[in-house]
Amino acid sequence: MDVAEPALWVHRGSAPPMREFHRHDDVEVNVAVRGSLEYLLGGRRVTVPEGHTAMFWAAVPHRLVPPREPQDSDICWIHLPLAAVLRWTLPEGAAARILSHGVLVVPTGAVGDHVVPQFGTWQRDLASGADPGTVLLEGHALVLRILAHGQVEAEAPAAPRTDLRPVARMARFTAENFRSAISPADIARAANLNPNYATTLFRSTVGVTLGEQLLRHRIAEAQRLLLTTSMTTAAVAHAAGFGSGSSLYAHFSKACGCSPGAYRATRTVGSAVTASGR
C-alpha cells in the first residue's frame, strides 16, 4: 500500500488510475467539476456525483474505482494536513465528523461559486513559493462550509458489480468489526467463503490480504484515537483491536515510521508539512 506523507497539495485534472489502495494523514477534498468519482473506502463504495464536493480523512485506505464507461473528467483536489486542520477553530463535534470513516458529500453550489476557480489560484500560489498560509486560511473556510452543509454520508445506491460483491461484503464486515478480536477466517465466514478462496479473491481484487486490510483499519483507528483523545497507549491498543500495547507498538511503528507516542506528539504540536506536489 502506498502511504504518502501529509502535505498541503492542490491539483486539478482528470481522475488518475489508482490500482492500489493508499492513505495519507490529510483531510482530502474533491470537487467533481465534470464527471463523477467512485471510491472504495472503509469497506464501502462511495460516489461523488458531478457537481458535488466530497471531504474525508484520507488516513482511511481508499482507492478510485475505474469508471464503467470512459469519461472526460475534470476534478479538483486539495489535501489539507491533519495537523493544520486540528489547530483550526471548528464547530463542536466537527473533529469527530472529519475523523470518522465516512465521506461528507455536498452540492458544490452550497459551498460557493468561487470554489472551482480558487483551485487555480492555490496551484499558482504554491508553485510560486508563496506563503501557504493563505491557502490554508481559504481551505479552512472551505472545510467549514462543507461541514455546514454536509449532513449525510453519501454511498452509491447501486450494488457492486457481481465479481465485487463478496469482496465488498468482506470489506464491510472488516470495517464494522475490526475493533473486535476477529481473524481473516472470521471475515471469510462472514461472506460464506472458504478462507483460502476468500484470501485469494480479496488479494486479487484489492491488492492486499485480508490480514493486511484488517491491520489498516486498526492503524487508522489508533491514529484517530491518539489525535482526538487522551487515552493511554494501552487503552488505544485495546480500543483499536490490537489487544495489547506491544502489538500496537510493533505494527504502528512499522506502518507509520514512528511510535504511537511520537505520532501523537508530532501531529498535534508544531507546523504542518507543506508541499506543492506529491
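Being at pLDDT 90 or above and either surrounded by 14 or more Cβ atoms within 10 Å (Cβ to Cβ) or in contact with an Asp or Glu (Cβ under 6 Å, 6 or more places away or on another chain) (or both): is that true of residue 79 here? Spell out the reasoning first.
On the way: at pLDDT 90 or above: yes; either surrounded by 14 or more Cβ atoms within 10 Å (Cβ to Cβ) or in contact with an Asp or Glu (Cβ under 6 Å, 6 or more places away or on another chain) (or both): yes.
When the stated conditions are applied, residue 79 passes them.
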**Prompt:** Which is touching a residue at least 40 places away in the same chain (Cβ under 8 Å), over 14 Å from the mean Cα position of the chain (by Cα) and either over 16 Å from residue 216 (Cβ atoms) or assigned by TED's automatic domain parsing to the domain that holds residue 190 (or both), of 80, 86?
**Reply:** 86
**Message:** Being surrounded by 22 or more Cβ atoms within 10 Å (Cβ to Cβ) and more than 16 Å from residue 150 (Cβ to Cβ) is the filter here; which residues of the range 25-41 pass it?
**Reply:** 25, 26, 40
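Every residue in the range 201-252 that is in a helix (DSSP H, G or I), among the hydroxyl-bearing types (Ser, Thr, Tyr) and at pLDDT 90 or above, please.
Restricting attention to the range 201-252, the residues satisfying the condition of being in a helix (DSSP H, G or I) are 201-206, 210-228, 233-239, 245-252.
When the remaining residues are screened for being among the hydroxyl-bearing types (Ser, Thr, Tyr), the result is 204-205, 228, 233, 246-247, 249.
Of everything in the range 201-252, those that are in a helix (DSSP H, G or I), among the hydroxyl-bearing types (Ser, Thr, Tyr) and at pLDDT 90 or above turn out to be 233, 246, 247, 249.
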**Item:** Residues within the range 101-136 that are in a loop (DSSP other than H, G, I, E, B), under 18 Å from residue 56 (Cβ atoms) and touching a strand residue (DSSP E or B) at 6+ places or on another chain (Cβ under 7 Å), tallied
**Value:** 2
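If you take the residues in the range 9-20 that are surrounded by fewer than 22 Cβ atoms within 10 Å (Cβ to Cβ) and of a type in the set (A, V, I, L, M, F, W, C), which one is modelled with the highest pLDDT?
Going through the range 9-20, the residues surrounded by fewer than 22 Cβ atoms within 10 Å (Cβ to Cβ) turn out to be 11-20.
Imposing the further condition that a residue be of a type in the set (A, V, I, L, M, F, W, C) reduces the set to 15, 18.
Working: 15: 83, 18: 78.
Across the range 9-20, the extreme among qualifying residues is 15.
For the structure I just gave you, tell me whether residue 54 is in contact with a Lys or Arg (Cβ under 9 Å, 6 or more places away or on another chain) and buried (at least 16 other Cβ atoms within 10 Å of the Cβ).
Working: in contact with a Lys or Arg (Cβ under 9 Å, 6 or more places away or on another chain): no; buried (at least 16 other Cβ atoms within 10 Å of the Cβ): yes.
Against the criterion (in contact with a Lys or Arg (Cβ under 9 Å, 6 or more places away or on another chain) and buried (at least 16 other Cβ atoms within 10 Å of the Cβ)), residue 54 does not qualify.
The values are calculated or read from the model by the stated rules, or taken from the named source; none is laboratory data. Just so we're clear, the structure is a prediction, and the values are computed from it rather than from any experiment. Because the Cβ atoms are built from the backbone with ideal geometry, glycine has one as well, and the counts that use them run over all protein chains shown.
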